[in-house]
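The values are calculated or read from the model by the stated rules, or taken from the named source; none is laboratory data. Here the structure is a predicted model, which means the values were calculated and not measured. Neighbour counts are summed over all protein chains in view; Cβ atoms, including those assigned to glycine, are modelled from backbone coordinates with ideal geometry.
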Amino acid sequence: MASERSVHFLDGGGEMADAIRAFDWSQHELGLPDTWPATLKTVVSMALNSRFPKCVVWGPNLISIHNDAFRSILGDKRPALGRSFWDVWAEVWPEIGPIAERAYAGEATFIRDFPLEIDRYGYPEEVHFTFCYSPIRDDRGKVCGMIDTVIETTSVVEAQRQARLLNRELEHRIKNTLSVIAAIVNQTLRSSRSDAIAREVLMRRIGALAQAQMLLTRSTFAEAPVRSVIEEALTPFRTGHGRFEIAGPPVMLSSRQALSLALSINELATNALKYGALTNDAGRVRLTWTAGHPNTDEVFRLTWTEEGGPRVPKTRQKGFGTRIIENVLAEDFMGNVTLTHDPVGFRCELTTQMRYIGEDREVSD
């Protein structure tokens, strides 16, 4: 324990000051605190009274004396007081040892967001620190140690990383969305016979695209549940009379898959409203899907089946909606789409492998 003689330099130092007083220094190389060099006492007093994480590293064996705020840096490591700094941080000494050597050579070093893999809770974790190793000189100018002033920036670095990922995803989706809008405008104006019809069809298709974008925005730009995509796309067509049966297991789609599926469902529902099961009160639509294990070659199958509508003639001319379903939907899911004009009711089936579900691929210009 510390000598009962004056150790006033520890005053105001919080819990670590009490720990220094209670520590058995009698057999330690530093000796009793009241015998410490004036320079060490001054630096320790300043560190203990700081609310910023600081650790004084003293002597050739790098003895550690830290303040209360430094405990958050240590985590659940065993007490560092009186131990060598290299022993406390043995797992990262190859990275920080050379920086400490420079401090002992008289060179201060400031590093921002330095990445390290440390073990302070019983397992390795990737962390980032902004810190400064500053040399400590005695009254003759000799370097006797260093002071580590540090703050953990892991959460800030991770937030910046996530922001970059989200910005790249947003940029990617905006480019894809503008390409889809351009195609919608071009095909709608080309195939419509009047400005009024063109306006109606164009606004409906862009509205479906906007609904899908809103859903993706709420799910943090990355992916969306297939059920939510379907329900959002069918919102304008649902009358509350149970015309749609929707069933399937939870599956997450990539942003591009969500957009193409939303547009395809909108086209299928519009076609059913004009020519199929939704033209009368008896018609029904069953929209079901099955899925295998994620990231495998097992089959994902989504089926749109109409029942109870008028007899379905085989469509002679393929419009833009059909091209969305047969080409864009199939490509974005890296699968196959089959359209069946069965007289009993129209049927659309999408099949692919589970390893393609949720995978967003860059599309070349």
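Going by the structure shown, is residue 280 over 20 Å from residue 235 (Cα atoms) and either surrounded by fewer than 14 Cβ atoms within 10 Å (Cβ to Cβ) or of a type in the set (Gly, Ala, Ser) (or both)? Against the criterion (over 20 Å from residue 235 (Cα atoms) and either surrounded by fewer than 14 Cβ atoms within 10 Å (Cβ to Cβ) or of a type in the set (Gly, Ala, Ser) (or both)), residue 280 does not qualify. The residue that is nearest to the chain's Cα centre (by Cα), counting only those in region 80-92 that are under 19 Å from residue 65 (Cβ atoms) and loosely packed, with under 15 Cβ neighbours inside 10 Å, is 90.
Restricting 105, 100 to residues that are small (Gly, Ala, Ser) and loosely packed, with under 14 Cβ neighbours inside 10 Å narrows the list to 105.
When residue 221 is tested against (1) assigned to a helix (DSSP H, G or I); (2) touching a helix residue (DSSP H, G or I) at 6+ places or on another chain (Cβ under 7 Å); (3) modelled with pLDDT under 80, just one condition goes unmet, and that condition is (1). Going by the structure shown, is residue 103 within 35 Å of the chain's Cα centre (by Cα), in the same structural domain as residue 138 (by TED's automatic domain parsing), of a type in the set (Gly, Ala, Ser) and not in a loop (DSSP other than H, G, I, E, B)? The answer is no for residue 103.
Taken over region 27-41, the criterion of being among the β-branched types (Val, Ile, Thr) and in contact (Cβ under 8 Å) with a residue 40 or more places away in the chain is satisfied by 39 alone. If you go through region 142-182 and keep only what is modelled with pLDDT of 95 or more and surrounded by fewer than 12 Cβ atoms within 10 Å (Cβ to Cβ), you end up with just 142.
Scanning region 226-284 for residues that are over 21 Å from residue 341 (Cα atoms), over 34 Å from the mean Cα position of the chain (by Cα) and not hydroxyl-bearing (Ser, Thr, Tyr) yields a total of 5. Inside region 1-60, residues that are hydrophobic (A, V, I, L, M, F, W, C) and outside any loop (DSSP other than H, G, I, E, B) make up a count of 18. The residues of region 87-145 that are free of Cβ contacts under 8 Å to residues at least 40 places away in the same chain and of a type in the set (Lys, Arg), listed by number, are 102, 140, 142.
Given the criteria at pLDDT 95 or above, over 21 Å from residue 25 (Cα atoms), assigned by TED's automatic domain parsing to the domain that holds residue 25 and surrounded by 20 or more Cβ atoms within 10 Å (Cβ to Cβ), does residue 63 qualify? The answer is no for residue 63. Selection of first residues in region 255-275 that are closer than 17 Å to residue 335 by Cα and of second residues that are of a type in the set (D, E, K, R) and at pLDDT below 85, restricted to Cβ pairs under 6 Å at least 6 apart or on distinct chains, gives the following pairs, ordered by first then second residue: 255/173; 255/360; 256/360.
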